[in-house]
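Enquirer: After the structure tokens below, expect a handful of questions from me.
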Amino acid sequence: MKFSSKVKKCGLSPMRKFHPYAVAAREAGKRIYHLNIGQPDIETPPQYFEAVRNFRLPVLAYAESPGMPVLIDAILEYYGKHGMRFTRDQILITTGGSEALQIVFNCILDDGDEIIIPEPFYPNYNTMVNTCGAVIRPIPTSPEDGYFYADRARIESAINGRTRAIMCTNPGNPTGNVLTPEEMRMIVDIAREHDLFLIGDEAYREFVYEENEPLHSMGEFEDAAENVVIIDTVSKRFSACGARIGCIISRNTELIGEALKYCQARLAVATLDQVASAALYSVGPEYFAAVREEYRRRRDTVVSRLKEIPGVVCECPRGAFYLMAALPVDNADNFQKWLLTDFDDGGDTVMFAPGGPFYATPGKGVNEIRIAYVLRQKDLERAMDLLAKGIEAYNRL
């Protein structure tokens, strides 16, 4: 049987590819500290569940293909509070941020087209772009320079006749990088000058840890109305990954019109989850302040402990709840497998996401890892102990 060349180009998720080894480790009695998947342990605001309990309709019917007005209006109000003006017809509700990205890619990419994305990047971007027949043109970075990429010459050198878009994840997954307003302005200008789409994946927008730093979005740049596309989601902002509610936001009416075709083809996003997610937008600023402070403490713990391990290269991230680090090991994939099959300390071991699949450039990231600091303080301390002990034992082999 023949399979699509597009699917054959796709790889397994580095966050989930070691699942069979993890199952075997648990069956062998090991406890695993999971730093590999960005699943927040912060409690979902109770407004979500209250909306579910209060839902009263005789028929659970299809929602409107563009999305339910109650949710769209809640999103409009959220952006309005941050000084960004959109209208109902500039927002499409999607099944998570992932579907939003896939729809946008399908709208703008053809076979052989290119999209510029700084590496390392969220590995599922590769899968989504590959299934469009396009390729990622990476902007190279390194652990030693803190994965910095916001340089005009570096970005413009990646543009060619097949380039259709630039994409920025801000704050960054997996690096935790945060663009300054000046860097955002520069990238917007490049997109305008070269007539490119600029896709801002802003799933982690609320998680910026510098004191008194205001929230920023590509949606601020109204002079780039035809260029900017925002990808948003309730998953990380409200610790509601299971709701699977995201959206596409753009002032480019032609793009929204094309994307609507895909929204109609998949009929509708789940009605009940839209109603419940609309209620999430009623949480106050105190919720975000508390969550940011919790993640800031976790970040500081992980960074300080990593810097105690000889040979680790790691910069302190300014946002999201991830960081990338280079380890003093030959191969992070082999190291992770060994941690699950051959290592334990008092019956405990640890999982992370190996760095190679976060890159488009072959051979890069082989000794790097992504850590998601989504565990409580005590568990993070133990996970860092296990990582340090694992590195020491592995390098004695």
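Enquirer: Note the angle between two axes, namely the Cα long axis of helix 285-306 and the longest principal axis of the Cα atoms of the chain, as a number of degrees from 0 to 90, rounded to the nearest 10.
Expert: Orientation of helix 285-306: about 30 degrees from the principal axis.
Enquirer: How large is the dipole of the chain about the Cα centre if only Lys and Arg carry +1 and Asp and Glu carry -1, each at its Cβ, rounded to the nearest 20 debye?
Expert: Using only the charged Cβ atoms, the result is roughly 1220 debye.
Enquirer: Please say if the range 53-126 is rounded, prolate or oblate, where rounded means a/c under 1.5 for a ≥ b ≥ c the square roots of the C-alpha gyration tensor eigenvalues, and otherwise the choice is prolate for a/b larger than b/c and oblate otherwise?
Expert: Prolate.
Enquirer: Also, I was wondering about something else. Largest first, how would Tyr147, Tyr262, Tyr287 line up by accessible area (1.4 Å probe)?
Expert: Numbers: Tyr147 15, Tyr262 90, Tyr287 40 Å².
Ranking Tyr147, Tyr262, Tyr287 by accessible area, largest first, yields Tyr262, Tyr287, Tyr147.
Enquirer: Kindly provide the helix-only [θ] at 222 nm of the chain, computed as the sum of -39,500 (n - 2.57) over DSSP H runs of four or more divided by all residues, to the nearest 500 deg cm²/dmol?
Expert: -11000 deg cm²/dmol
Enquirer: I would also like to ask the following. Normalising by the residue count of the range 271-377, find the relative contact order in percent from Cα pairs under 8 Å and 6+ residues apart.
Expert: 25
Enquirer: Working with all protein chains in place, sort Glu294, Glu315 by solvent-accessible area computed with a 1.4 Å probe, largest first.
Expert: Numbers: Glu294 35, Glu315 95 Å².
My answer, sorted largest first, is Glu315, Glu294.
Enquirer: Ignoring ligands, DNA and RNA, please state the percent of accessible area on the range 248-376 from carbon and sulfur, probe 1.4 Å.
Expert: Working: 2480 of 4720 Å².
C and S atoms contribute 53 percent here.
Enquirer: Quick check for me: using +1 on Lys/Arg Cβ and -1 on Asp/Glu Cβ, what's the dipole size of the range 276-397 about its Cα centre, in debye to the nearest 20? Walk me through the numbers before you get to the answer.
Expert: Values: 16 positive and 17 negative charges, 72 e Å.
That gives the range 276-397 a dipole magnitude of about 340 debye.
Enquirer: Here is a further query. How much accessible area does Arg244 have with a 1.4 Å probe, in Å² rounded to the nearest 10?
Expert: Approximately 90 Å² for this residue.
Enquirer: Using a 10 angstrom cutoff on alpha carbons, build the Gaussian network for the chain and name the most mobile of Gly38, Gly346, Gly112.
Expert: Gly346
Enquirer: When only C-alpha pairs under 8 Å and at least 6 residues apart count, what is the relative contact order of the chain, in percent? Intermediate results must be reported in sequence, preceding the final value.
Expert: Values: 753 pairs, mean separation 100.4, N = 397.
Averaging sequence separation for qualifying contacts and normalising by length gives 25 percent for the chain.
Enquirer: Once both axes come from the Cα atoms, what is the angle between helix 377-394 and the longest principal axis of the chain, in degrees from 0 to 90, rounded to 10?
Expert: The two axes meet at around 50 degrees.
Enquirer: I'd like to check one number: the per residue accessible area of the range 246-397, probe 1.4 Å, reported in Å² as a whole number.
Expert: For the range 246-397, the solvent-accessible area averages 39 Å² per residue.
Enquirer: Sorted by packing (mean other beta-carbon atoms within 10 Å per residue), highest first, where do 379-386, 61-68, 90-97 land?
Expert: Values: 379-386: 19.4, 61-68: 16.9, 90-97: 23.4.
Answer by packing, highest mean first, reads 90-97, 379-386, 61-68.
Enquirer: Same structure again: Using a Gaussian network model on the chain with a 10 Å cutoff between Cα atoms, which of Pro143, Pro123, Pro310 fluctuates the most?
Expert: Pro310
Enquirer: Then there's this: Would you list, by chain and number, the lysines whose Cα falls below 23 Å from the Cα of Lys30, excluding same-chain residues fewer than 8 positions away?
Expert: Qualifying lysines at Cα under 23 Å: Lys17, Lys337, Lys378, Lys389.
Enquirer: Please work out the C-alpha center-to-center distance from the range 350-376 to the range 183-248 and express it in whole Å.
Expert: For the range 350-376 versus the range 183-248, the Cα centre distance is 23 Å.
Enquirer: Give the distance, in whole Å, between the Cα centre of the range 253-324 and the Cα centre of the range 44-85.
Expert: First find each Cα centre; the distance between them is then 18 Å.
Enquirer: Another question, if that's okay. Would the range 1-72 count as rounded, prolate or oblate if I go by the C-alpha gyration tensor, calling it rounded below 1.5 in a/c and otherwise prolate when a/b exceeds b/c, oblate otherwise?
Expert: Numbers: a/c = 2.82, a/b = 1.42, b/c = 1.99.
Oblate, since a/c reaches 1.5 and b/c is not below a/b.
Enquirer: Next up: From the cross-link list Lys9/Lys236; Lys8/Lys364; Lys9/Lys261, which pairs have alpha carbons spaced over 24 Å apart?
Expert: Numbers: Lys9/Lys236 28 Å; Lys8/Lys364 21 Å; Lys9/Lys261 26 Å.
The pairs that break the limit, which is 24 Å between Cα atoms, are Lys9/Lys236; Lys9/Lys261.
Enquirer: On a 0 to 90 degree scale, rounded to 10, what angle separates helix 181-193 from the longest Cα axis of the chain?
Expert: Relative to the chain, helix 181-193 is tipped by roughly 60 degrees.
Enquirer: Something else now. Which aspartates and glutamates, on any chain, are close to Lys6 with Cα under 19 Å apart, when same-chain ones fewer than 8 places away are left out?
Expert: Straight-distance partners of Lys6: Glu99, Asp110, Asp111, Asp113, Glu114.
Enquirer: A further question on this structure: What is the range 239-286 by shape, rounded, prolate or oblate, if you read a ≥ b ≥ c off the alpha carbon gyration tensor as root eigenvalues and call it rounded for a/c under 1.5, prolate for a/b larger than b/c, and oblate otherwise?
Expert: Verdict is oblate for the range 239-286.
Enquirer: OK, next. Quick one: if you stick a label point 7 Å off each Cα along the C-beta vector at Lys8 and Thr341, how many nm between them?
Expert: About 2.7 nm, to one decimal.
Enquirer: Specify which residue in the list Thr95, Thr180, Asn252 is farthest towards the positive end of the charge dipole of the chain, using unit charges on the beta carbon of Lys, Arg (+1) and Asp, Glu (-1), about the Cα centre.
Expert: Thr95
Enquirer: Let me ask something additional. Roll a 1.4 Å probe over the protein chains and send me the accessible area per residue for the range 48-198 in Å².
Expert: Normalised by residue count, the accessible surface of the range 48-198 is 42 Å².
Enquirer: Hey, another quick one. Determine the relative contact order of the range 1-139: mean sequence separation of Cα pairs under 8 Å and six or more apart, normalised by residue count, in whole percent.
Expert: 27
Enquirer: What nm value, rounded to one decimal, do you get for the distance between Lys378 and Arg85 when each label is placed 7 Å out toward the C-beta?
Expert: That separation, rounded to one decimal, is 5.2 nm.
Enquirer: OK, next. Keeping the other protein chains in place, figure out the carbon and sulfur percent of the accessible area of the range 17-122, with a 1.4 Å probe.
Expert: 55
Enquirer: Can you tell me the FRET efficiency between Asp145 and Glu27 if r is taken as the Cβ-Cβ distance and R0 is 51 Å, rounded to the nearest 0.05?
Expert: That gives a FRET efficiency of 0.75.
Enquirer: Compute the distance in nm between two label points, each set 7 Å from the Cα along the Cα-to-Cβ direction, one at Lys307 and one at Met1.
Expert: Placing both labels 7 Å beyond Cα along the Cβ direction yields 5.3 nm.
Enquirer: Provide Leu57, Leu12 ordered by accessible surface of protein heavy atoms (probe 1.4 Å), highest first.
Expert: Output order, biggest surface exposure first: Leu12, Leu57.
The values are calculated or read from the model by the stated rules, or taken from the named source; none is laboratory data. If you're wondering where the values come from, they're calculated on a predicted model, not measured in any experiment. Backbone-built Cβ (ideal geometry, glycine too); neighbour counts: all protein chains shown. These accessible areas exclude ligands, DNA and RNA; they are computed on the full protein's heavy atoms, side chains included. Shrake-Rupley method; radii C 1.70, N 1.55, O 1.52, S 1.80 Å.
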